[in-house]
Structure formats: C-alpha cells, structure tokens
1. Please go through region 78-93 and give me each residue that is more than 15 Å from F6 (Cβ to Cβ) and either within 13 Å of ligand 1 (Cβ to nearest atom) or within 17 Å of the chain's Cα centre (by Cα) (or both), ordered by number.
2. Within region 39-93, take every residue that is of a type in the set (V, I, T) and part of a loop (DSSP other than H, G, I, E, B) and give me the one that is most open to solvent (accessible area, probe 1.4 Å).
3. Six or more apart or on different chains, Cβ atoms under 7 Å: show the pairs whose first residue is in region 188-216 and β-branched (V, I, T) and whose second is open to solvent by 70 Å² or more (accessible area, probe 1.4 Å) and not in a helix (DSSP H, G or I).
4. Which condition from (1) at pLDDT 95 or above; (2) within 16 Å of ligand 2 (Cβ to nearest atom) is the one that C133 breaks?
5. Being touching a Ser or Thr at 6+ places or on another chain (Cβ under 7 Å) and β-branched (V, I, T), is that true of even one residue in region 9-28?
6. Would you pick out the residues in region 115-128 that are open to solvent by 20 Å² or more (accessible area, probe 1.4 Å) and either part of a helix (DSSP H, G or I) or within 11 Å of ligand 1 (Cβ to nearest atom) (or both)?
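The values are calculated or read from the model by the stated rules, or taken from the named source; none is laboratory data. Computed from a predicted structure; not experimentally measured. All Cβ positions, even for glycine, are placed from backbone atoms using ideal geometry, and neighbour counts span all protein chains on display. For the accessible areas, the whole protein counts, side chains as well, though only heavy atoms, and no ligand, DNA or RNA atoms are used. Shrake-Rupley method; radii C 1.70, N 1.55, O 1.52, S 1.80 Å.
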Amino acid sequence: MQIVLFGPPGAGKGTQAKFLSEEYNIPHISTGDILRENVKNGTELGKKAKTYMDKGELVPDKLLIDLIKERLERPDTRKGFLLDGFPRTIPQAKALDVILDEINKKLDAVINIDVGTNELVRRLSGRRICKKCGASYHLMFNPSKTKDLCDLCGGELYQRDDDKEAAIKNRLEVYKNQTEPVLDYYKGQDLLIDVDGEKEIEDVTSEIRAALVKFQ
Ligand code: AP5
Ligand code: ZN
C-alpha cells in the first residue's frame, strides 16, 4: 500500500502515521523527521536545511527530491510506505510520480487531514516532542502521564524551534501558498480522500482505516 498523508502543519500526520505504519507494517517516512535527524547529527544536508526549518520555510525542492528518491529505493518499501510531509510543492509531486514510475509503483491514495487554522495553532503551540524517541505529545490534548518525560522511553520532552509563535504563523502561510495547490494536483489524478482531522485522535485513525480498506 502506497499512501501519502497530507495536511497542514499540526494536522496530525505524524500522530496518525505512527498507528497506521504499525498496523499495516509499512515504513513511516517523514521528511520532517529525516531532516531533524540530519540537523541533530550535523550532516551537510542538516546544515543546509536548518535555517529554512527554524523560520518555517520550505527546504529547497532539489534536496528533498534527492532525499526521498534514495529513501524510496530502499528494500523496506517493497510492501509499501506511508509518506508524511512529502510532497509539499507541485515540483515535488511531479518528481514523486517519476520516482514511483522508475521503481514500478503507484500511489493508492492521498489522505488529506483537514483541520481549521485556530485548532492548528492550538495543537502546534502545545506540542512537546521526546528528545530520545521522537514521540509526540500535547500539553492539553495528549499529555504525557509522567509529566515532563516520555511515557514510552523516559526521554526528556522539548518544544520544536518551529513551534514558536512566529514560525507557526509562517508555516501556515507557506502551506497556503506552496503546499495547498498540491491538493488539486491529486484531485486531478482521482487519488484524494478527505478526512475530518478535528475529531479525537482514535476517531481520525478509524476514519482513515475505513478509507484504506479497499487497498489492502
Ligand atoms: P514537518 O516535520 O513535516 O512539519 P509539519 O508539516 O509542519 O507537520 P508537523 O510535524 O508540525 O505536524 P503533524 O501534522 O505531523 O502533526 P502531529 O501529529 O505532530 O516539517 C518541518 C519542516 O521541515 C518544514 O517546515 C520544512 O522546513 C521542512 N520540510 C519537511 N518536509 C519538507 C518538504 N517536503 N519540502 C520542503 N521542506 C520540508 O500533531 C500536532 C500536535 O497535535 C501534537 O501535539 C499531537 O499530539 C496533537 N494532535 C494530533 N492529532 C490530534 C487530534 N486529533 N486531536 C487533538 N490533538 C491532536
Ligand atoms: Zn520517548
């Protein structure tokens, strides 16, 4: 099953991908996570990406397309994959079509997780991430039971630099101008499935699961 999880910053792509990737036993490929890992390890890619990411700007297409091509060519995508955070521009969507063609695969669906702006701001500003395992929490909606530590691994929780107020505002603008047009691209290919992302986490998962039944 080849799926794109689409939606604005804070829609819940990462949260949902975690459950779905376990359930379907296919890798969760988050370009945001891969970039943050590169920043943490001080790689060339990480150095180039950091300034864009901290401001909430998109990292240049060429870097992302090279990254995703290398990732999709690995053997663990044989049974499928869940893409989270890619594609985010029309050139990225077109490049993905070319890459998939080369590896003889095609997308089954693009799940658009729909959430309004006020709710996105609430989610992003309250989000906390585990330093060790990357698990995502929310101060109000999805709190850690062990307070400032991760329930899964005991790691310390922190706030992403791009979850500060100014960067959140910019990310939402960038989404509107550069990423939203990708929805029409996939509508044109008859791949788009809209899901109400404002419901409880488990209810959103159920809605996505129901939409994906026919591809299993
Ligand atoms: P990336 O990491 O992809 O960030 P994003 O798209 O802004 O998405 P988020 O991770 O912020 O949100 P999410 O939808 O995963 O929400 P989550 O599940 O965490 O990208 C970061 C940066 O990297 C970009 O700005 C860019 O610079 C660069 N980049 C990445 N990909 C790129 C690309 N393709 N091209 C160019 N640049 C790229 O949920 C959010 C919060 O809400 C959490 O606290 C969660 O607990 C809570 N929550 C989730 N669901 C619910 C619910 N149903 N109810 C209540 N709370 C909920
Ligand atoms: Zn953890």
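1. G80, P91
2. Ranking the qualifying residues of region 39-93, first place goes to T43.
3. From region 188-216, the pairs are V195/D114.
4. (1)
5. yes
6. The answer is T117, N118, E119, V121, R122, R123, S125, R127, R128.
Residue-by-condition table, conditions (1) touching a Leu at 6+ places or on another chain (Cβ under 9 Å); (2) closer than 15 Å to G12 by Cβ:
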position	(1), (2)
A135	yes, yes
M140	no, yes
E180	no, no
Y186	yes, no
Q189	yes, no
V195	no, yes
E202	no, yes
S206	no, yes
K214	no, no
